[in-house]
Amino acid sequence: MSDGPRREAIGIALWWDAIRRDRKAATGAALLAAFALVAVFGPLFVGDPQALVGIPLQPPSWHHLLGTTGQGQDVLAQLVVGTRVSLAIGFGVGLAVVLIGALVGVTAGFYGGRVDGLLSLLFNVFLVIPGLPLAIVIAAYLPSGPMTLSLVLVVTGWAWNARVLRAQTLSVRQRDFVAAAIVTGESDLRIIVDEILPTMTSLLVAQVIGSTIYAIGAQVGLEFLGLGDVSACTWGTNLYWAQNDSALLTGAWWTFAPTGLCVALVGFALSMLNSGFDEITNPRLQLERAWRTHLEARGIRPSRSTPVVPDHD
Amino acid sequence: MRFLLRRLGFYLVAGWVALTLNFFLPRLMPGDPATALFARFRGRLAPEAMASLREAFGLTRAPLWRQYLTYLAHALRGDFGTSVAYFPSPVLHVIGTGLFWTLLLAGSAVIISFAIGTLLGVAAAWWRRGWIDGVLPPALVFLGALPYFWLAMVALYVLGFTLGWFPLGHAYSDDLTPGWTFGFVADVVRHAVLPVGSIVLATLGGWLLSMRNTMITVLGSDHVNLARAKGLHPARVVLRYAARNALLPSITSFGMALGFVLGGSLLTEIVFSYPGQGYLLVQAVRNQDYPLMQGIFLVITFAVLGANWLVDVVYLWLDPRIRDSAS
């Protein structure tokens, strides 16, 4: 299509505009952008995170803004350098998990019948088997490193997305435009890619965000247990060393508090972005809000009714 | 009944998948699995221990399907082999020592969190745009974004270490003998407050939000409007007419939440040196005690499957639609 890139540019501009106007989404996006900047450029400004720069367990001072670890490394440097790896694995796994989930879920929902039965059984089984113990067992057998960690997170995390996308595909599959495409003799692949997937864009975006939250949390948890590469510098291994050097019992709060706050802030930013997206892409929520302000401006207490969405403005 | 049997069949399949995964995982290790596994224990274990380990794992020279069948037969008899770190205790025996503590921790955390979160969700939906609805959801989303174990670390640092209000770890004081005495139970409760509290705080937001959102939909439905129009007492409308129906999706996710919380409680146990499955699991990983590690995975999985089936029974009891279509 000749107008493809242009159309996309307009689409992106619209999204950008919507994000800017929604308070939640804007907060989330700004926080995330800040972390992304730190991840990309931060390591250039701090020294070698593994270098022994001073007396172990110094509290924060002008010299070491966040103090030193139990080994005598700079906590701030470790935090900044760790951001890069942790976020990279988080977003990479978040994307991969949704891709696999989409592949399985959409196939199951589109073809139905025996294919659906088999695939549904598969992801339901994976949903009910507890993820973290499985992840620990797999990680214990494989050589430690970022690849193992990503693999483990993907294996234990894809099923939820598959389930949600199957349900969504089932409902889209019933619509007339899909039936029309089937009757015109379009290939299955084309129907899925061109007709079905575009109707789920906002759901897919929400899932990538949700899966990234999961991936970062689970990753930090596994590394905290010592299942990552303990010689690397990531958020999880920082916490692992803090626990190993009994930071808690020596009162060295600065070795674990900043890292946990960063994990929480990224998770919070992603959740905000997600609920912001929900409001942007859900016309009913938008209309409800407009209706409410309209009523409140006239001094009427809004009831619980749901406004009907008009077809076009 | 058909519904329950179908679910039971599903859990049996899930259990079989877990067993099979457990069988193939050691064989995924780079190189020849048997030699690689045993090379690590050479010199640390007596030859007869190695033989019994090999036997229990079915890691013999027999063809793969024979090994698999031997393994299944052993597992069904509850024989997960011998622990390497606690040799010669059988794996099942070692697991038994920690199971009670994990069930206590995860079980009470899930139930407390579910109860409080759901009630708050009802309140937030009823007084929509009130202060509960305005303050709690974002605050709890933020708390939920914190890793469980990190919240536990902060709680331990502030309430245990700095203020000294709670003990710093373990399930009970060393100078007490376990038993059903008041002193011992009170001591166990005192030790459980921080670990349970930190899990509850981290999971509260999910229950609150899901209940709030379903409640808002249900409150707008016809049968609730009718109940209101009849002039029923608001408490009755909210609890009997709305909350009961809005509870169903939360019940469905209850089973899955159990798995999550169990995982989270494993990490929390590490922070508090709480002698449950998580603590054993990490010790097993550090000591490369593979039989124990895999036994713990299976026991946790079966516990979650069993709990899920119980949730199905409750669901059947709560939702007349399924009950009627089943009979």
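The values are calculated or read from the model by the stated rules, or taken from the named source; none is laboratory data. Not measured: the values here are computed from a predicted model. Cβ coordinates were reconstructed from backbone atoms using ideal geometry, including for glycine residues, and neighbour counts include every protein chain displayed.
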Exercise. Take the residues of segment A:248-263 that are more than 8 Å from chain B (Cβ to nearest Cβ) and over 26 Å from the mean Cα position of the chain (by Cα): which is farthest from residue B:146 (Cα to Cα)?
Worked result: A:250
Seminar exercise, completed: Conditions (1) within 14 Å of chain B (Cβ to nearest Cβ); (2) modelled with pLDDT under 90 -> residue A:212 fails only (2)
Problem set entry | Any hit, segment A:42-56, residues being modelled with pLDDT of 75 or more and under 23 Å from residue A:212 (Cβ atoms) | yes
Exercise. Does residue B:129 satisfy the criteria of being modelled with pLDDT under 75, over 29 Å from residue B:258 (Cβ atoms) and within 13 Å of chain A (Cβ to nearest Cβ)?
Worked result: yes
Exercise. Quick one: residue A:244 ticks every box in (1) modelled with pLDDT under 80; (2) more than 27 Å from the chain's Cα centre (by Cα); (3) under 28 Å from residue A:156 (Cβ atoms) bar one, so which box is it?
Worked result: (1)
Seminar exercise, completed: If you go through A:169, A:184, A:199, the only one that is among the β-branched types (Val, Ile, Thr), in contact (Cβ under 8 Å) with a residue 40 or more places away in the chain and at negative phi is A:169
Exercise. Do we find that residue A:236 is assigned to a loop (DSSP other than H, G, I, E, B), buried (at least 21 other Cβ atoms within 10 Å of the Cβ), at pLDDT below 90 and of a type outside the set (A, V, I, L, M, F, W, C) in this structure?
Worked result: no
Exercise. How many of the residues making up segment B:175-217 are within 13 Å of chain A (Cβ to nearest Cβ) and farther than 25 Å from residue A:260 by Cα?
Worked result: 5
Problem set entry | Candidates B:148, B:172 - the one that is within 10 Å of chain A (Cβ to nearest Cβ), aromatic (Phe, Trp, Tyr) and crowded, with 16+ Cβ neighbours inside 10 Å | B:148
Exercise. Where in segment A:100-206 are there helices (runs of 4 or more DSSP H), lying wholly inside it, with at least 2 residues that are among the basic types (Lys, Arg)?
Worked result: A:159-173
Exercise. Got at least one residue in segment B:288-295 being of a type in the set (Asp, Glu), within 22 Å of residue B:86 (Cα to Cα) and either more than 8 Å from chain A (Cβ to nearest Cβ) or assigned to a helix (DSSP H, G or I) (or both)?
Worked result: yes
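Here's the yes/no breakdown for (1) among the aliphatic types (A, V, I, L, M); (2) surrounded by fewer than 20 Cβ atoms within 10 Å (Cβ to Cβ); (3) more than 17 Å from the chain's Cα centre (by Cα):
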site	(1), (2), (3)
B:237	yes, no, yes
B:244	no, yes, yes
B:274	no, no, no
B:297	no, no, no
B:318	yes, yes, yes
B:321	no, yes, yes
For this session: Please name all residue pairs, on different chains or six or more residues apart, with Cβ atoms under 9 Å, provided the first residue is in segment A:221-239 and is away from chain B (no Cβ under 11 Å) and the second residue is β-branched (Val, Ile, Thr) and surrounded by fewer than 21 Cβ atoms within 10 Å (Cβ to Cβ).
Result: A:228/A:148; A:229/A:148; A:237/A:230
Exercise. Among A:9, A:34, A:25, which is over 30 Å from residue A:68 (Cβ atoms) and at pLDDT 75 or above?
Worked result: A:25
For this session: Output the residue which, of all residues in segment B:152-169 that are within 8 Å of chain A (Cβ to nearest Cβ) and under 22 Å from residue A:216 (Cα atoms), is surrounded by the most Cβ atoms within 10 Å (Cβ to Cβ).
Result: B:153
Problem set entry | Filtered residues of segment A:239-259 (kept if of a type in the set (S, T, N, Q) and crowded, with 23+ Cβ neighbours inside 10 Å) | A:255, A:259
Exercise. Since residue A:33 meets every condition but one in (1) buried (at least 17 other Cβ atoms within 10 Å of the Cβ); (2) within 28 Å of the chain's Cα centre (by Cα), which condition does it not meet?
Worked result: (1)
For this session: Go through the residues of segment A:75-93 one by one and say whether even a single one is over 24 Å from residue A:218 (Cα atoms) and either modelled with pLDDT of 80 or more or under 15 Å from the mean Cα position of the chain (by Cα) (or both).
Result: no
Exercise. So, in segment A:39-56, of the ones that are without any contact (Cβ under 8 Å) to a residue 60 or more places away in the chain and under 13 Å from residue A:83 (Cβ atoms), which residue ends up surrounded by the fewest Cβ atoms within 10 Å (Cβ to Cβ)?
Worked result: A:44
